[in-house]
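Colleague: Below you'll find the structure I mean.
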Amino acid sequence: MSGFDKVVATYQEAMDGLADGMTVIAGGFGLCGIPEGLIAQIKTLGIKELTVVSNNCGVDGFGLGILLEDKQIKRMVSSYVGENALFEKQLLNGELEVELTPQGTLAEKMRAGGAGIPAFYTATGYGTPVGEGKEVKTFNGRPYILEEAITGEFSIVKAWKADRYGNCIYRHTAQNFNPMAASAGTITVVEAEEIVEPGELNPSEIHTPGIYVNRVIKGEFEKRIERKVVSKTVHNTTAKESQ
Amino acid sequence: MALSRDQIAMRVAQEFKDGDYVNLGIGIPTLAASFVPEGISVMLQSENGLLGMGPYPHEDELDADMINAGKETVTAITGASIFNSAESFAMIRGGHVDFTVLGAFEVDVSGNIASWMIPGKLVKGMGGAMDLVAGAKNIIVTMTHTDKHGNPKLLRECTLPLTGVNCITRIITDLAVLEVVDGAFLLKERAPGVTVEDIQAKTGGKLVVSENVTEMRV
């Protein structure tokens with residue numbers, strides 16, 4: 001079964017083959033569930049002219065934000081990019097292009113890309129700047145726009161636990177875009193907090209089956225919190241009810 | 001007198017029914033979670049992939065892997081579920097979320113909403129707002145009735161780039177509760193001490209006054 005052993009030992013092996021001008025799809029929402037070490041490796045490699053598809057672009061000095069420091073990103077496909085001063089500067093300078101895409105459409109574009117569906121119709125964005133220039137079709141009296149799938153030469157994914165075969169489980173809301181990103185890359189690289197032997201993960205609880213995954217590496221994560229908000233009151237942990 | 005943010009949120013929460021799944025936007029909508037009426041349970045959906053969002057964590061519960069759609073640390077209630085972003089937006093776009101409450105810059109008499117982009121200012125993105133307005137069964141817009149210069153935000157036609165078309169049915173402002181009906185704003189309730197004439201003067205689009213305008217209970 002060694003043909004299924006996808007574990008690599010170094011970040012160099014993990015990102016081998018990445019070249020200028022490629023499209024990289026990255027899992028994560030804000031700084032939650034991001035493949036920190038793989039992003040750092042892209043910075044080390046100095047690859048330029050990248051198209052990066054990710055819901056956000058990190059913050060100054062952390063996450064995908066570090067790829068802006070040496071102007072490695074040419075084009076960013078995201079739903080929200082407001083957390084990052086360097087991004088703003090490069091956007092206004094014209095050094096960076098951004099394609100703002102509704103969050104659900106972005107997730108579905110990745111899902112469709114991984115599932116071999118070239119495009120889909122959605123009501124989201126119809127009649128707005130997002131719908132401009134896109135094909136419109138009416139179903140049951142309601143207009144929908146045609147949105148095209150996204151695939152990339154590389155996908156970079158952050159898992160909680162992965163086994164040697166690339167089966168992955170994500171933890172809490174760090175799941176977010178990771179499963180869709182995993183499915184949409186020609187080469188999908190998973191950086192996991194923990195690597196286990198095949199059989200240690202319950203097959204019924206696997207989020208991403210190993211068939212989507214090409215390489216697995218064990219990472220060390222800072223897991224920075226973007227907005228720490230703490231409650232001072234006593235919690236009622238049942239469904240939201242008045243006291 | 002114009003309602004406070006908390007009072008608007010209180011009025012919003014009166015719309016919820018027992019057993020509703022609700023998505024609350026940032027700002028006043030989020031405050032509504034604190035005013036859910038007695039005997040009513042709602043489950044909060046956070047579009048990054050959490051159904052059954054709880055309160056902010058205590059210091060000892062902080063977890064970088066548990067955040068809400070505003071990227072704030074959060075907890076999950078008993079009976080919550082967590083899923084990927086495509087699943088999260090499938091429940092939104094598929095019309096499974098009962099209520100969406102969100103803010104806006106402008107709403108017009110056709111039920112169009114503008115909430116994400118002001119030309120000439122830096123555009124940060126729409127996040128999930130376009131998906132939410134295209135998918136929820138009931139959408140409530142909460143906003144101040146006028147902008148900070150006193151200009152109406154309820155218009156004949158939105159002037160800013162849209163978030164969604166023909167999707168808004170109910171608006172709760174600091175002055176009134178209105179519905180969008182047949183190309184007009186239908187005035188249903190007014191804030192205590194606010195006259196119909198005040199509301200008329202501060203509304204840009206056609207306003208139809210309901211036969212029985214009641215006072216908002218806050």
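Colleague: Using only Cα atoms, what is the ratio of the radius of gyration of the range B:71-218 to 2.2 N^0.38 Å?
Modeller: Dividing the Cα radius of gyration by 2.2 N^0.38 Å gives 1.14.
Colleague: Where both residues lie in the range A:60-170, what percent of DSSP beta bridges are antiparallel, nearest 5?
Modeller: Given both bridge residues lie in the range A:60-170, the antiparallel proportion sits at roughly 70 percent.
Colleague: How big is the dipole moment of the protein assembly as shown about its Cα centre under a simple scheme where the beta carbon of each Lys and Arg is +1, that of each Asp and Glu is -1, and everything else is neutral? Debye, nearest 20, please. The partial results should precede the final answer.
Modeller: Values: 41 positive and 58 negative charges, 152 e Å.
It works out to roughly 740 debye.
Colleague: Another question, then. Is the shape of the range B:47-86 rounded, prolate or oblate, going by the alpha carbon gyration tensor and its root eigenvalues a ≥ b ≥ c, with a/c under 1.5 for rounded and a/b larger than b/c for prolate?
Modeller: oblate
Colleague: Identify the GluC sites (Glu not before Pro) of the range A:135-222 meeting these criteria: DSSP loop state and at most 14 other C-beta atoms within 10 Å of the C-beta.
Modeller: Counting only loop positions with at most 14 other Cβ atoms within 10 Å, the GluC sites (Glu not before Pro) in the range A:135-222 are A:135, A:200, A:220, A:222.
Colleague: Going by Cα centres, the range A:50-93 and the range A:94-138 are how many Å apart?
Modeller: 20
Colleague: Given H placed on each backbone N at 1.01 Å, which residues far from residue A:58 in sequence or on other chains put an amide H within less than 5 Å of it?
Modeller: A:64, A:65
Colleague: Okay, next question. I need the calculated FRET efficiency for the pair residue B:26 and residue A:5, taking r as the beta carbon distance and R₀ as 41 Å, to the nearest 0.05.
Modeller: 0.35
Colleague: Counting helices only, and only those DSSP H runs with n ≥ 4, report the 222 nm mean residue ellipticity of the protein assembly as shown as the sum of -39,500 (n - 2.57) divided by its residues, in deg cm²/dmol to the nearest 500.
Modeller: -4500 deg cm²/dmol
Colleague: Continuing with this model, one more query. Which pairs, out of A:74/B:121; B:137/B:188; B:124/B:202, put more than 27 Å between their alpha-carbon atoms? Walk me through the numbers on the way to the answer.
Modeller: Working: A:74/B:121 22 Å; B:137/B:188 20 Å; B:124/B:202 29 Å.
Check vs 27 Å cut-off fails for B:124/B:202.
Colleague: Among A:4, A:177, A:62, rank each residue by its count of other Cβ atoms within 10 Å, from fewest to most, as a rough exposure measure.
Modeller: Ordered by Cβ neighbours within 10 Å, fewest first: A:4, A:62, A:177.
Colleague: Residues with beta-carbon under 13 Å from that of residue A:117, excluding residue A:117: net charge, scoring Lys, Arg +1 and Asp, Glu -1?
Modeller: Details: positive: A:109, A:111; negative: A:108, A:147, A:148.
Around residue A:117, the charge tally is -1.
Colleague: Now a separate question. Quick one: Karplus J couplings for the range B:8-14, per residue in order, coefficients 6.51, -1.76, 1.60, θ = phi - 60°, nearest Hz, x for Gly and Pro?
Modeller: Ordered by residue, 3J(HN,Hα) equals 4, 4, 4, 5, 4, 5, 5 Hz.
Read-outs throughout are calculated quantities, based only on the coordinates presented, and are distinct from any laboratory measurement. These numbers were taken from a predicted model, which means no experiment stands behind them. Positions of Cβ are generated from backbone atoms using ideal geometry, with glycine treated the same way; all protein chains shown enter the neighbour counts.
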